[in-house]
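For reference, the structure is listed below as structure tokens.
Every number in this text was worked out from the coordinates using simple rules, so none of it is lab data. Values in this document were obtained by computation on a predicted structure and should not be read as measured data. Using ideal geometry, Cβ is built from the backbone for each residue, glycine included, and neighbour counts are taken over all protein chains shown.
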Amino acid sequence: MPARKPLKVATFNINGVRTRLASLLAWLEREAPDIVCLQELKAPDEAFPVEPIRDAGYGAIWHGQRSWNGVAILARGADPLESRRGLPGDPKDTQSRYLEAAAHGLIVGCLYLPNGNPQPGPKFDYKLAWFDRFIEYAQGLVESEHPVVLAGDYNVVPTDEDIYNPRSWRKDALLQPESRARYADLLAQGWTDSLRQQFGEERVYTFWDYFRQHWERNSGLRIDHLLLNRALAPRLKEAGVDRWVRGLPHPSDHAPTWVSLARER
DNA sequence: ATGACGCTAGTGTAGCGA
């Protein structure tokens, strides 16, 4: 009986799905991820480029929004079965930041956690409130018997080992103790931070801002995370970052970040 | 401290988010 190819699950903050469509298609073609979580579509629902994505062999669901935010889930050779659109806990929150689906035997939560800058201020308050709602919701998923992955742009640099140099970022919302404490609280529920688990003490970045040649100098941050619940964590095989996508012309400031998982049985 | 991008309104360019 031949070994079955592992399942590749990726998250990619694309920073404009229309502007970055060619890069997205090139990446899907070359890396063939089985499940993709996209963030920052920056497009209303009717502008999501579903046809070229279907032509590339992917089923898709998306939760768009004009100008900002927006999340999508793609599944290779399958249609994601939507299980949630939007985070519970605040009916007045209209920002498109959470989408969840079943695909390829997994439950996949795709999130775009608020950036929170500038801090302090209302944007930072919203970030922390959103994070608190997310933690409360995630509690119900971590102990699920079903395999669950929570993948997305968390807008949190978990530790000083997850950034090239924290000095100039000390006042940034991504490094605040309140942000980091919440990420730690989330992990303490029992989630596995798959990139950190696989890389150990080795540095790994998923985001390089557009300023001051940070990409050329590998001055990066690790803010895109794939968290596995207890039912899924034993199946983790590999993790990585498709850095070549960040090196393409007119790139997103993030690179696709992924895990590979043993197929069930 | 600085500053790059995409998107919007709306045709030239500034504001917003990040």
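The residue of the range A:234-265 that is nearest to A:Ala10 (Cα to Cα), among those that are part of a helix (DSSP H, G or I) and of a type in the set (A, V, I, L, M, F, W, C), is A:Val245. For residues that are of a type outside the set (Lys, Arg) and surrounded by fewer than 17 Cβ atoms within 10 Å (Cβ to Cβ), scanning just the range A:228-259, find the one that is nearest to A:Arg217 (Cα to Cα). Among those that are of a type outside the set (Lys, Arg) and surrounded by fewer than 17 Cβ atoms within 10 Å (Cβ to Cβ), it is A:Gly247. A:Lys42 passes every criterion in (1) in a strand (DSSP E or B); (2) touching a Lys or Arg at 6+ places or on another chain (Cβ under 9 Å); (3) among the basic types (Lys, Arg) apart from (1). Scanning the range A:33-70 for residues that are surrounded by fewer than 14 Cβ atoms within 10 Å (Cβ to Cβ) and closer than 20 Å to A:His254 by Cα returns A:Ser67, A:Trp68. I'd like to check something: does the range A:133-147 contain any residue that is farther than 22 Å from A:Asp34 by Cβ, aromatic (Phe, Trp, Tyr) and touching a helix residue (DSSP H, G or I) at 6+ places or on another chain (Cβ under 7 Å)? No, the conditions are met nowhere in the range A:133-147. Just one residue in the set A:Ile14, A:Ile73 is touching a residue at least 12 places away in the same chain (Cβ under 8 Å), within 10 Å of DNA strand B (Cβ to nearest atom) and surrounded by 17 or more Cβ atoms within 10 Å (Cβ to Cβ); that residue is A:Ile14. Residues of the range A:154-181 that are polar (S, T, N, Q) and farther than 21 Å from A:Glu201 by Cβ: A:Asn155, A:Ser168, A:Gln176, A:Ser179.
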